[in-house]
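**Student:** Take this structure, written in structure tokens, and hold onto it; I'll ask about it next.
The values are calculated or read from the model by the stated rules, or taken from the named source; none is laboratory data. From a predicted model like this one, the values you see are computed outputs, not experimental measurements. Because the Cβ atoms are built from the backbone with ideal geometry, glycine has one as well, and the counts that use them run over all protein chains shown. When the accessible area is computed, the model is the full protein with side chains, heavy atoms only, and any ligands, DNA or RNA have been set aside. Shrake-Rupley method; radii C 1.70, N 1.55, O 1.52, S 1.80 Å.
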Amino acid sequence: MSKPYLHGHHASVLKSHTWRTVENSCPHLIPYLSSPSLQILDVGCGPGTITVDLASRVPQGLVYGIDPSADVIAKARKHAEEKGVTNVRFEVGDVFDWERLDGVEQGSFDVVHAHQVLQHLQDPRGALVEMKKLAKAEGGIVAVRDADYAAMTWYPGDIPGLQTWQRLYIAVARSIKCDPNIGRRLHAVALEAGFPRSDIDASCGVWTFSTPDELAWWCGLWAERVVQSNFKKSAIESGLATEEDLQAVAQSWRELEKREDGWFAVPNGQVICHVRS
Ligand SMILES: C[S@@+](CC[C@H](N)C(=O)[O-])C[C@H]1O[C@@H](n2cnc3c(N)ncnc32)[C@H](O)[C@@H]1O
């Protein structure tokens, strides 16, 4: 069974997940969404905003979202209902245990997608092997995208608590045997999972937060996350930070938020792996 998800699904975490759309979170996938009848599996779908957006782009197809968290699956179902999107199905499920899911069959999906999921798994190669099995044997694709925490950068660079945040985040993720910098090596993980190099397209997409509204949103959610989500619990329990350290980090996020010249960039590695028999 998989380890619990590092961030948990606190409101401050869901604030960033529910902002996500196909356009801002899987631009690498858009060229592959031209047929309206695609069958898509969204692994680790979280609250389902990307999943529902995918479904609205394939009105004659079906998008299936799975996530091990029952709470977040309930939120995803509610979101689909509110949007009036009916060609989407959400089930509690784990990528390593897909056999027990009704309607999830080997070789049955045109697209098997995961956004910001591999960084949270102890066995990302194994996850890609399972995702590859689920894609159609001829012409299916596996699409993944993950941030790279070590490559995140910002201005002004001299807010000391933000460097502490970056080091701390990376250390906490590594303490639970996950790779917070997996974004830069998704293509290498795909190679290890058995995709030939010629069938892997690797690229990078960047989220940038620089207007006052963008900074208020991004910095505000991290200021909350570091003192309220599961991340806080993991940081303290692993002995990597104290409550005071985390309060200082939250304060630094608030400082960046107020800066008229503030700027923050999140590079995301993204790969499309083509399945050919
Ligand atoms: C950062 S969230 C991403 C959510 C969504 N893909 C998005 O981008 O908005 C990572 C999600 O992966 C889920 N997850 C963790 N382990 C998983 C596993 N073994 N199989 C499927 N999903 C998993 C978590 O529960 C969490 O909702």
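**Student:** Can you name every residue in region 27-52 that is open to solvent by less than 20 Å² (accessible area, probe 1.4 Å), within 14 Å of the ligand (Cβ to nearest atom), within 18 Å of residue 135 (Cα to Cα) and in a loop (DSSP other than H, G, I, E, B)?
**Tutor:** 45 - this is the single residue of region 27-52 that is open to solvent by less than 20 Å² (accessible area, probe 1.4 Å), within 14 Å of the ligand (Cβ to nearest atom), within 18 Å of residue 135 (Cα to Cα) and in a loop (DSSP other than H, G, I, E, B).
**Student:** Same structure, new question: Go through region 121-145 residue by residue and tally those that are in contact with a His (Cβ under 8 Å, 6 or more places away or on another chain) and farther than 16 Å from residue 276 by Cβ.
**Tutor:** Looking only at that region, the number is 2.
**Student:** Given the conditions (1) outside any loop (DSSP other than H, G, I, E, B); (2) more than 8 Å from the ligand (Cβ to nearest atom), report the number of the one that residue 66 does not fulfil.
**Tutor:** (2)
**Student:** Let me ask something additional. Just one of 55, 114, 80, 76 is of a type in the set (A, V, I, L, M, F, W, C), within 10 Å of the ligand (Cβ to nearest atom) and in a helix (DSSP H, G or I); which is it?
**Tutor:** On the way: 55 fails: within 10 Å of the ligand (Cβ to nearest atom); 114 fails: in a helix (DSSP H, G or I); 80 fails: within 10 Å of the ligand (Cβ to nearest atom).
Exactly one residue qualifies, and that residue is 76.
**Student:** I would also like to ask the following. Please state which of the following conditions residue 216 fails to meet, knowing it meets all the rest: (1) free of Cβ contacts under 8 Å to residues at least 24 places away in the same chain; (2) surrounded by fewer than 16 Cβ atoms within 10 Å (Cβ to Cβ); (3) not acidic (Asp, Glu).
**Tutor:** Residue 216 satisfies all of (1) free of Cβ contacts under 8 Å to residues at least 24 places away in the same chain; (2) surrounded by fewer than 16 Cβ atoms within 10 Å (Cβ to Cβ); (3) not acidic (Asp, Glu) except (1).
**Student:** While we're looking at this one, here's another question. Identify the residue in region 91-111 that is assigned to a helix (DSSP H, G or I) and more than 23 Å from residue 147 (Cβ to Cβ) and, among all such residues, is least open to solvent (accessible area, probe 1.4 Å). It would help to see each step written out before you state the result.
**Tutor:** First, the residues of region 91-111 that are assigned to a helix (DSSP H, G or I): 95-100.
Of the ones still in play, those that are also more than 23 Å from residue 147 (Cβ to Cβ) are 97-100.
Working: 97: 63, 98: 14, 99: 120, 100: 138 Å².
Checking each candidate, the answer is 98.
**Student:** Tell me which residues, restricted to region 142-185, are among the β-branched types (Val, Ile, Thr), open to solvent by less than 10 Å² (accessible area, probe 1.4 Å) and farther than 14 Å from residue 231 by Cα.
**Tutor:** Taking region 142-185 as the starting set, the residues that turn out to be among the β-branched types (Val, Ile, Thr) are 142, 144, 153, 159, 164, 170, 172, 176, 182.
Pick out the ones that are also open to solvent by less than 10 Å² (accessible area, probe 1.4 Å) and you get 142, 144, 159, 172, 182.
Within region 142-185, 142, 144, 159, 182 meet the criteria.
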